[in-house]
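Participant: Before anything else, here's the structure in question.
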Amino acid sequence: MIPRHGNPRQGQEGGSGMAARTLYDKLWDAHVVRTDDNGTALLYIDRHLVHEVTSPQAFEGLRLAGRRPWRPDSVLAVPDHNVPTTDRSAGIQDPVSRLQVETLDRNCEAFGILEFTMDDPRQGIVHVIGPEEGATLPGMTVVCGDSHTSTHGAFGALAFGIGTSEVEHVLATQCLLQKKSRNLLLRVDGRLGEGVFAKDIALALIGTIGTAGGTGCTIEFGGEAIRALSMEGRMTLCNMSIEAGARAGLVAVDETTVEYLEGRPFAPRGELWDRAVADWFELHSDEDALFDREVVLDAGCLAPQVTWGTSPEMVVAVTEVVPDPAEEADPVRRSGMERALAYMDLRPGTAITDIHLDRVFIGSCTNSRIEDLRAAAAVIRGRRVAEGIRQALVVPGSGLVKAQAEAEGLDRVFRAAGFEWREPGCSMCLAMNADRLEPGERCASTSNRNFEGRQGQGGRTHLVSPTMAAAAAIAGHFVDVRTF
Amino acid sequence: MEKFTRLTAIVAPLDRPNVDTDAIIPKQFLKSIRRTGFGANLFDAWRYLDQGEPGMDPGQRRPNPDFVLNQPRYQGARILLARENFGCGSSREHAVWALADYGFRAVIAPSFADIFYNNSFKNGLLPIRLDAALVDRLFRAVAATPGYRLTIDLPAQTLETPEGEVIPFDIDPFRKHCLVEGLDEIDLTLQHADEIRAYEERRRREAPWLFTAPPETAGRPAAEGRS
Ligand code: SF4
């Protein structure tokens, strides 16, 4: 299987006598400190991102053992899951949420870790601010106690989510114990049609290979359609690698990557920048590198996607209908579909465009970057949110995204249409703060998980792209944004 | 960490695929800054009829009689039998803490999500992967036999059924070693501190841009911890 990324600068090292390697192989090799007899490697971690939910027990563990962080300057912390998205001047109302955020503040202060606190203009969702600050760089290993750390793979960095014990392990040792995963190439040929986005590629992929399809793998996204994506689009795609079961997703470095990073606060400067860029252009799979598995999608065939069930793999094109479990041969899958339809209160055969909504959420680390907001705003400009929609929410991914959007007047477009314009955070993606669905409510959401209760107990989530969410808010039900 | 060697216990069956960590422990309980106390809210939305919030007295809640863990025959279960892709979704280790706090010491399934699988070992919870057909057979046996127990022998890497059938399972030798001995992985890693430092030195020369910090962090002292 031979991937062709068409990177004009590649190809120098092919004849060096070294076996051809994938991008993942290269990143892995560069970070192995040691490997033991049965193949468990000690992998060095360059960047550690921390948020308030998965870190308190790790810091407590450090204290109990009398340890200190190995390299505090490798850590960047930010509260995002619990923060209110309404006026913050009064602090956090919920005392339990408040304690968790204050615990992060205290831990960062005590251990000399840089934190963008809740009032910092740079505060935002951890996976939005890492790249935005240039804290995520090509060739790095990036970890965070959060499964959507896969987002950062868009930069040609090996980035994956870890549990709290591993957060403590990385704090204490700057390393993780890891086994190498397999290489899966997802090649997307052709070009995306008008109104079809990276989110639709991600959902279509998960629909194809299933939520466990990438288990044990690192996915590299390649092909013409991926090369044509902006960094925002690549982040959306890598973000959802975990929904395909893969801990990490990757995109090779190219001019788009380098352009995005130049001048960002954590990025190198001057002579160091030039050296770094030369190094980064090596970060792609060799022409003849072998992948364990390859999946090919044709971008030209993709329509906007809408999930109908309680797992991201339960997805169809907006032009289709809710599928019928009776047509599923596998009994475990069939009962899963039946349970999902009961939870979602949907009947087989219902046209996706006949599904009416109660709320619309534009936000989350999947789709809350400036490009997402621009695309959504373009759909709603001059229109009004439908009568039947109880709430339409826009939650920018970071303070800087919010400021940029306001400078472009997007906030006015959203407000004029009847959307609420909020402060940055995770918000209704997982409803740990006050933003949530009521039992039975149905939501078009640009987030990444449609699990039972994810957006509030009894809430029903349909995952879509930002433009699909925006169009649904205006129509009151799903519509094909290509003809809207 | 609690050692794991041999265990004979009641098996509770959770017959659905793709059980995600949001279902294992819903997000409202993740606000705790402790590692313990999550067991009362394990599978909260399935286990109770009322809506669970942190701080509720479990004794005052309305259990869902249909949920498997509420059935009398599975009381005291310490082994969970599950379907494929168990523990998918969020990386929250709270899911493992909740299972362990409830009393589970092992989960048997055809497959696990990667992060959940890793997290389990750090908390003395043994995830056992078995062939899907075998898991299916165990589901039928558990349903047919009230009080069905399995014996897990980790050093021998076997399961033993009440009928005396012995089923071998695979496990990574390093993880097995840590679990059997109850070892702290951080201590083990710190035994290689010199190698980590040597790697770091080399990388600082080769790729110094990986070590540049923004101006505001430079030289910021740590107020806590020994040097
Ligand atoms: S936005 Fe959602 S998926 Fe992303 S980090 Fe926050 S809670 Fe997790």
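Participant: Within the range A:239-276, restricting attention to residues that are of a type in the set (D, E, K, R) and not in a helix (DSSP H, G or I), which residue is nearest to A:Phe451 (Cα to Cα)?
Facilitator: Filtering first and then ranking leaves A:Arg247.
Participant: Right, here's the next one. Could you look through the range A:19-51, keep only residues that are more than 9 Å from chain B (Cβ to nearest Cβ) and within 20 Å of A:Ser165 (Cα to Cα), and pick out the one that is surrounded by the fewest Cβ atoms within 10 Å (Cβ to Cβ)?
Facilitator: Checking each candidate, the answer is A:Ala41.
Participant: If you don't mind, there's one more thing I want to ask. Which pairs do you get when a residue that is at the interface with another protein chain (Cβ under 9 Å from one of its Cβ atoms), found in the range A:91-105, comes within reach of a residue that is surrounded by fewer than 17 Cβ atoms within 10 Å (Cβ to Cβ), reach meaning Cβ atoms under 7 angstrom, with the pair 6+ apart or on two chains?
Facilitator: A:Val96/B:Pro54
Participant: Next up: For the subset of the range A:52-68 comprising residues that are at the interface with another protein chain (Cβ under 7 Å from one of its Cβ atoms) and part of a loop (DSSP other than H, G, I, E, B), which member is surrounded by the most Cβ atoms within 10 Å (Cβ to Cβ)?
Facilitator: The extreme case among them is A:Val53.
Participant: Across the range A:118-146, what is the number of residues that are over 21 Å from B:Leu210 (Cα atoms) and either more than 11 Å from the ligand (Cβ to nearest atom) or within 14 Å of chain B (Cβ to nearest Cβ) (or both)?
Facilitator: So the answer is 7.
Participant: A further question on this structure: Going by what's in this entry, would B:Asn119 be described as outside any helix (DSSP H, G or I) and within 18 Å of the chain's Cα centre (by Cα)?
Facilitator: In short, no.
Participant: Let me ask another. Looking only at residues that are polar (S, T, N, Q) and away from the ligand (no atom under 13 Å from the Cβ) in the range A:439-484, which one is farthest from A:Arg381 (Cα to Cα)?
Facilitator: A:Gln457
Participant: Still on this structure, please answer the following. Among B:Gln51, B:Gln60, B:Gln71, B:Gln28, which is the only one that is facing chain A (nearest Cβ under 8 Å), without any contact (Cβ under 8 Å) to a residue 12 or more places away in the chain and either in contact with a helix residue (DSSP H, G or I) (Cβ under 9 Å, 6 or more places away or on another chain) or of a type outside the set (Phe, Trp, Tyr) (or both)?
Facilitator: That would be B:Gln51, the only listed residue that is facing chain A (nearest Cβ under 8 Å), without any contact (Cβ under 8 Å) to a residue 12 or more places away in the chain and either in contact with a helix residue (DSSP H, G or I) (Cβ under 9 Å, 6 or more places away or on another chain) or of a type outside the set (Phe, Trp, Tyr) (or both).
Participant: Only one residue in A:Arg347, A:Arg334, A:Arg381 is in contact with a helix residue (DSSP H, G or I) (Cβ under 9 Å, 6 or more places away or on another chain), within 14 Å of chain B (Cβ to nearest Cβ) and among the charged types (D, E, K, R). Which one?
Facilitator: A:Arg334
Participant: Take the conditions modelled with pLDDT of 95 or more and more than 19 Å from A:Val188 (Cα to Cα) and apply them to A:Leu302. Does it pass?
Facilitator: Judged against the criteria, A:Leu302 is not a match.
Participant: Here's a follow-up. Pairs, please: C-beta under 7 Å, at least 6 apart or cross-chain, first residue polar (S, T, N, Q) and in the range B:152-171, second modelled with pLDDT of 95 or more and in a strand (DSSP E or B)?
Facilitator: B:Gln157/B:Pro168; B:Thr158/B:Val166; B:Thr158/B:Ile167; B:Thr158/B:Pro168; B:Thr161/B:Leu150
Participant: Can you confirm whether B:Ala40 is more than 7 Å from chain A (Cβ to nearest Cβ), surrounded by fewer than 21 Cβ atoms within 10 Å (Cβ to Cβ) and part of a helix (DSSP H, G or I)?
Facilitator: yes
Participant: Residue under question is A:Arg339, and the condition is that it be away from the ligand (no atom under 16 Å from the Cβ), within 14 Å of chain B (Cβ to nearest Cβ) and in contact with a helix residue (DSSP H, G or I) (Cβ under 8 Å, 6 or more places away or on another chain); does it hold?
Facilitator: Considered against the rule, which asks whether it is away from the ligand (no atom under 16 Å from the Cβ), within 14 Å of chain B (Cβ to nearest Cβ) and in contact with a helix residue (DSSP H, G or I) (Cβ under 8 Å, 6 or more places away or on another chain), A:Arg339 comes out as no.
Participant: Tell me the strands (runs of 3 or more DSSP E) entirely within the range A:344-457 that contain at least 1 residues that are within 26 Å of A:Met314 (Cα to Cα) and of a type in the set (Lys, Arg).
Facilitator: In the range A:344-457, A:359-362, A:442-445 are the strands (runs of 3 or more DSSP E) which contain 1 or more residues that are within 26 Å of A:Met314 (Cα to Cα) and of a type in the set (Lys, Arg).
Participant: Further, regarding this structure: Exactly one of these conditions fails for A:Val296: (1) at pLDDT 95 or above; (2) surrounded by fewer than 16 Cβ atoms within 10 Å (Cβ to Cβ); (3) within 14 Å of another protein chain (Cβ to nearest Cβ). Give me its number.
Facilitator: Only one criterion in (1) at pLDDT 95 or above; (2) surrounded by fewer than 16 Cβ atoms within 10 Å (Cβ to Cβ); (3) within 14 Å of another protein chain (Cβ to nearest Cβ) is unmet by A:Val296, namely (3).
Participant: Sticking with this one: Can you say whether A:Arg436 is within 14 Å of the ligand (Cβ to nearest atom) and without any contact (Cβ under 8 Å) to a residue 24 or more places away in the chain, as far as the supplied structure shows?
Facilitator: Here the answer is yes, as A:Arg436 does meet what is asked.
Participant: Return only the number of the condition from (1) within 13 Å of another protein chain (Cβ to nearest Cβ); (2) assigned to a loop (DSSP other than H, G, I, E, B) that A:Asp288 does not satisfy.
Facilitator: Among (1) within 13 Å of another protein chain (Cβ to nearest Cβ); (2) assigned to a loop (DSSP other than H, G, I, E, B), the lone unmet condition for A:Asp288 is (1).
Participant: Between A:Ala110, A:Ala154, which is hydrophobic (A, V, I, L, M, F, W, C), in a helix (DSSP H, G or I) and closer than 29 Å to B:Glu206 by Cβ?
Facilitator: Selected residue: A:Ala154, the only one of A:Ala110, A:Ala154 that is hydrophobic (A, V, I, L, M, F, W, C), in a helix (DSSP H, G or I) and closer than 29 Å to B:Glu206 by Cβ.
Participant: In the range B:122-155, which residues are surrounded by fewer than 18 Cβ atoms within 10 Å (Cβ to Cβ), part of a loop (DSSP other than H, G, I, E, B) and within 14 Å of chain A (Cβ to nearest Cβ)?
Facilitator: Hit for the range B:122-155 is B:Gly124, nothing else.
Participant: While we're on this one: Taking the range A:290-328 on its own, how many of its residues are small (Gly, Ala, Ser) and closer than 23 Å to A:Leu229 by Cα?
Facilitator: Residues flagged as small (Gly, Ala, Ser) and closer than 23 Å to A:Leu229 by Cα within the range A:290-328 amount to 4.
Participant: Has the range A:196-208 got at least one residue that is part of a loop (DSSP other than H, G, I, E, B) and either surrounded by 24 or more Cβ atoms within 10 Å (Cβ to Cβ) or touching a Leu at 6+ places or on another chain (Cβ under 7 Å) (or both)?
Facilitator: The answer is yes, given that some residue of the range A:196-208 is part of a loop (DSSP other than H, G, I, E, B) and either surrounded by 24 or more Cβ atoms within 10 Å (Cβ to Cβ) or touching a Leu at 6+ places or on another chain (Cβ under 7 Å) (or both).
Quick grid of which residues meet (1) within 16 Å of the ligand (Cβ to nearest atom); (2) in contact with a helix residue (DSSP H, G or I) (Cβ under 7 Å, 6 or more places away or on another chain):
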site	(1), (2)
A:Arg63	no, no
A:Gly66	no, no
A:Trp70	no, yes
A:Pro79	yes, yes
A:Pro84	yes, no
A:Gly91	no, yes
A:Pro95	no, no
A:Leu99	no, no
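Participant: Would you pick out the residues in the range A:376-433 that are closer than 22 Å to A:Ala472 by Cα, surrounded by 24 or more Cβ atoms within 10 Å (Cβ to Cβ) and within 15 Å of the ligand (Cβ to nearest atom)?
Facilitator: A:Val394, A:Val395, A:Pro396, A:Gly397, A:Cys426, A:Ser427, A:Met428, A:Cys429, A:Leu430
The values are calculated or read from the model by the stated rules, or taken from the named source; none is laboratory data. The shown structure was predicted, so the numbers you read here are calculated from the model rather than taken from an experiment. Every residue, glycine among them, receives a Cβ derived from its backbone with ideal geometry; neighbour counts consider all protein chains shown.
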